[in-house]
Ligand SMILES: [Mg+2]
């Protein structure tokens, strides 16, 4: 059983592929899913035909549908089963191994970091309808009563606040480039944390605004494409784009990006994201928030980060490299990850029926454990 404190699961260097705009440095390091890795070259340029076919392959492999998996039979079913077994062995369930997490957190201040899309809410066709359930909201509220809690999302700050609707949280929108603290905080050791506000990419605001408008115009001929202005980054969602048009859409986005060497392209779950090239990501946001909360260089803190996407890997990596904290990947499918544990993603059915999801179950269980701990200490 892996320890949450050990450095493990580091992807081999040859398995890391990068996408780059012509004659510019690599745009992002991406560890492709197991089924894609063998096909990838270490570096692929965006100005060649290979980029499109590689991207299409990676998107198909990284966004498997439930229908495809359910319909898998024969060798495909075996491969899916083997990959899942492999994932569970290396990244066991955070719920089944809850006692291990509790024991590692004992006597430490837990700080909770939560991604939004695919972690607290299901991935749905319309990104504007990615609502979290009331049960999930209640679980997050309870978590925030017991631990400093932050939402770290690729969405723009005002949008994610509107989805979550909890005033007691810290929020990091635009992949951590737009950070805001709660009006009141019962947890912060540092009094500065209450009004914390940080925007490391503010100089890029006019550029992102222009790119957003250009993307709207350039992609309007692709049915189903949805361009979102996330303030410090822009997203092109293709959840509703027919797979046969993915290549065209990718070309449209690439053609816009060519005029902006200070922007980079990253790929999430059925979304392309355009971001400033500054060295800032969800991992940096996690470090910044820990520092703002007064936990910089503190050995008595246990950050727990739960997320489902490649952008969350930056945060998992920070925890893994610091040897402090626990990364939990939300995924039904095998993925190479820097997280230590995994949890199944909230299903679309649970959004409609308000059925509990495993992320919610984990939060509830952690809060119950914390309350029992507090009671036990107060009796002594
Ligand atoms: Mg997500």
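Every number here is computed from the coordinates shown, using simple stated rules; none is lab data. Note that the coordinates shown come from a computational prediction; the quantities given were computed from them, not determined experimentally. In this analysis, Cβ positions are derived from the backbone assuming ideal geometry, glycine residues included, and neighbour counts consider all displayed protein chains.
May I ask for the distance between the Cα centers of segment 108-147 and segment 282-342, given as a whole number of Å? Result: 16 Å between the Cα centres. One decimal place: the segment residue 332-residue 202 gains 43.2 nm when fully extended, by the rule 0.36 nm per residue minus the C-alpha distance.
Here the calculated FRET efficiency for residue 125 and residue 379, from their Cβ-Cβ distance with R0 = 51 Å, stands at 0.50, rounded to the nearest 0.05. The alpha carbon centroids of segment 155-183 and segment 232-253 are separated by 26 Å. Rg and Dmax over the alpha-carbon atoms of segment 202-276 stand at 11.3, 37 Å.
Here the extension length gained between residue 322 and residue 220 equals 32.3 nm, from 0.36 nm per residue of separation less the Cα-Cα distance.
Taking a label point 7 Å from the Cα of residue 278 along the Cα→Cβ vector, which residues of segment 219-242 have an amide N closer than 19 Å to it? Output list for this probe position: 229-235.
Here the calculated FRET efficiency for residue 210 and residue 165, from their Cβ-Cβ distance with R0 = 22 Å, stands at 0.10, rounded to the nearest 0.05. Spin-label model, residue 158 to residue 243: label points 7 Å out along the Cα-to-beta-carbon direction sit 3.8 nm apart. Computed from the C-beta positions of residue 99 and residue 135 and an R0 of 22 Å, the FRET efficiency is 0.35 to the nearest 0.05. Here the simple spin-label model places points 7 Å from the Cα toward Cβ, and for residue 372 and residue 255 these points are separated by 6.0 nm. Maximal additional length on extending the residue 291-residue 53 stretch stands at 81.5 nm, based on 0.36 nm per residue less the C-alpha distance.
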